[in-house]
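Okay, structure first, notes after.
Derivation of every value follows stated rules applied to the coordinates shown; laboratory data play no part. None of the values given here were measured: they were computed from a predicted structure. Neighbour counts run over all protein chains shown; Cβ positions are idealised from the backbone, glycine included.
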Amino acid sequence: MSETMEINEIRQFLAHRYPFLLVDRVLEVIPGESIRCIKNVTVNEPHFTGHFPDFPIMPGVLIIEAMAQATGLLGFRTMGEKPQTDMLYILAGVDKVKFRRQVVPGDQLELRAKLSKKKGKIWIFDTEALVDGKKAASAQLMCAVTEQ
């Protein structure tokens, strides 16, 4: 069964807050399988003042972070629970990263993640970020559920 999520519900699952909450909406989540999210890229985001002042480009590490936040939402939906105050969902590894195009203000990133494997507290996801249906980045992300 597919579900959607608005920002207030997303904030219940992710500990991130401005300026580091990088998922604006969940278009579809199928627990145990996949998720599709949106990140609206706007010129007033703080990293654009220095990356780069005359030609703003979203840093690749933030694109990876946005994809990782999407996996967090998929992970918690798959577990069927909201995070506990002593629980952290952290990025544990990044492999097979490829950047294919620049992401600039005005773009809308579609974040996609598919659960590839789960072993104990380790989750492995195949992720990608698209702009206008064209792949901007992809990576295999390893995440872990841990206690604070």
- Net charge (Lys, Arg +1; Asp, Glu -1) of residues whose beta-carbon lies under 9 Å from that of ILE38, ILE38 excluded, is +1
- Report the semi-axes of the equivalent ellipsoid for the chain in whole Å, largest first, where each axis is √(5λ) for an eigenvalue λ of the Cα gyration tensor. 24, 16, 15
- Take the chain, connect every pair of alpha-carbon atoms lying under 10 Å apart with a spring to form a Gaussian network, then pick out the residue of THR71, THR42, THR85 with the largest mean-square fluctuation. THR85
- Message: Below 8 Å between Cα atoms, with a sequence gap of 6+, how large is the relative contact order for the stretch 3-147 in percent?
- Response: 25 percent
- Message: Quick check for you: which residues of the stretch 129-148 have the amide N under 17 Å from the point 7 Å beyond the Cα of GLN84 toward its beta carbon?
- Response: 144-148
- Mean-position separation - Cα centroids, the stretch 29-53 and the stretch 82-126, in angstrom: 12 Å
- Item | Among VAL104, VAL43, VAL61: highest mean-square fluctuation, GNM of the chain, C-alpha pairs under 10 Å | VAL61
- To the nearest 10 degrees, the tilt of helix 60-79 (Cα long axis) against the first principal axis of the alpha carbons of the chain is 20 degrees
- Once you list every other residue whose beta carbon is under 10 Å from the beta carbon of ALA136, what net charge do they have if Lys and Arg are +1 and Asp and Glu are -1? +1
- Query: Gaussian network model of the chain, Cα springs within a sub-10 Å range: biggest mean-square fluctuation belongs to which of ALA66, ALA113, ALA15?
  - Reply: ALA15
- Note on the structure: When THR49, THR78 are ranked with the fewest other C-beta atoms within 10 Å first, the list becomes THR49, THR78
- Message: As a footprinting exposure proxy, order LYS134, LYS118 by other Cβ within 10 Å, with the fewest listed first.
- Response: LYS134, LYS118
- Item | Over 20 Å (Cα to Cα) - which of LYS39/LYS96; LYS96/LYS117; LYS39/LYS135; LYS98/LYS119; LYS98/LYS121; LYS98/LYS118 fall in this group | LYS39/LYS96; LYS98/LYS119; LYS98/LYS121; LYS98/LYS118
- Item | Residue order, fewest to most beta carbons within 10 Å, for CYS143, CYS37 | CYS143, CYS37
- Item | Inter-label distance, nm, simple model (7 Å from Cα along the C-beta direction), ALA15/LYS121 | 1.2 nm
